[in-house]
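Here, each number is a calculation from the coordinates, and none is a lab measurement. This one's a predicted model, so the numbers in the text were calculated from it and none came from an experiment. Cβ placement follows ideal geometry from the backbone for every residue including glycine, while neighbour counts extend to all protein chains displayed.
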Amino acid sequence: MRILFWFLLLAVAAVVAALMVKLNAGYALLVSPPYRVELSLNLLLILVVGGFFLIYLTLRLITRAVQLPATVREWRRQQKIERARTKQDAAVVALLEGRYGKARQHAEEALQIPGSSGLNAIVAARAAIDVRDFEAAKALLGRPDAQATSLAVPRLMLEAEMALDEGEPQEALRLLQSLRKEAGMHTAALRLELRALQ
């Protein structure tokens with residue numbers, strides 16, 4: 001309905017403009033000694049409107065040209081974020097498939113991209129623990145992006161599991177106590193605690 005209304009309004013405006021042009025017999029006289037230009041009023045109106053649109057389009061083009069570097073920077077930033085997400089997704093899939101080397105590789109590649117999530121460090125640490133590379137796992141869990149408060153529970157779970165795998169049940173119990181304070185107990189933490197107490 002709205003399109004029909006605008007179409008009718010445009011048609012009425014075209015009819016009114018055609019009638020005004022037909023009935024307008026005026027002239028415009030532009031004098032700048034020694035020159036003198038006589039134009040029909042209709043031509044002058046067309047030149048004024050055309051000049052307005054030409055200036056408008058030129059200003060828009062200049063504005064777009066000035067904004068282009070910022071637009072390109074934003075596009076590149078979005079591409080990096082998308083690439084990090086793709087690498088993170090590939091790392092999680094590889095981890096779930098049991099391809100720990102590939103999971104760690106993808107997660108570490110995602111960590112190289114500025115602004116990537118600390119979750120990549122957690123995934124890489126999980127893969128390192130699964131291949132018993134505890135030094136690499138400790139280094140990954142010690143990264144500043146892995147220390148985010150939103151990642152405290154998975155980080156503590158991995159640290160406790162790593163302590164158990166290294167034969168340090170007391171350290172694992174201490175970490176599980178920290179985990180209990182942080183998020184309460186859940187099934188996976190209870191399983192780890194049971195392993196630590198055996």
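Annotation for residue 62 and residue 5: the two label points, set 7 Å from Cα along the Cα-Cβ direction, are 3.7 nm apart.
Between residue 71 and residue 171, the contour length at 0.36 nm per residue exceeds the alpha carbon distance by 30.9 nm.
As a proxy for reagent exposure, ranking 40, 116 by other Cβ atoms within 10 Å from fewest up yields 40, 116. Note on 134, 5: ascending count of other Cβ atoms within 10 Å places them as 5, 134, the fewest first.
Separation of the range 145-198 and the range 1-62, taken as the distance between their Cα centroids, equals 77 angstrom. Taken along its principal axes, the alpha carbon cloud of the chain reaches lengths of 105, 45, 31 Å, longest axis first. The mean sequence distance of close C-alpha pairs (under 8 Å, at least 6 residues apart), as a share of the length of the chain, puts its relative contact order at 10 percent.
Sorting 60, 126, 143 by the number of Cβ atoms found within 10 Å of their own Cβ, with the fewest placed first, yields 60, 143, 126.
Between helix 187-197 and the chain there is an angle of about 30 degrees, using the helix long axis and the longest principal axis of the Cα atoms. Ignoring lysines fewer than eight residues from residue 138 along the same chain, the ones with Cα atoms less than 19 angstrom from its Cα are 102.
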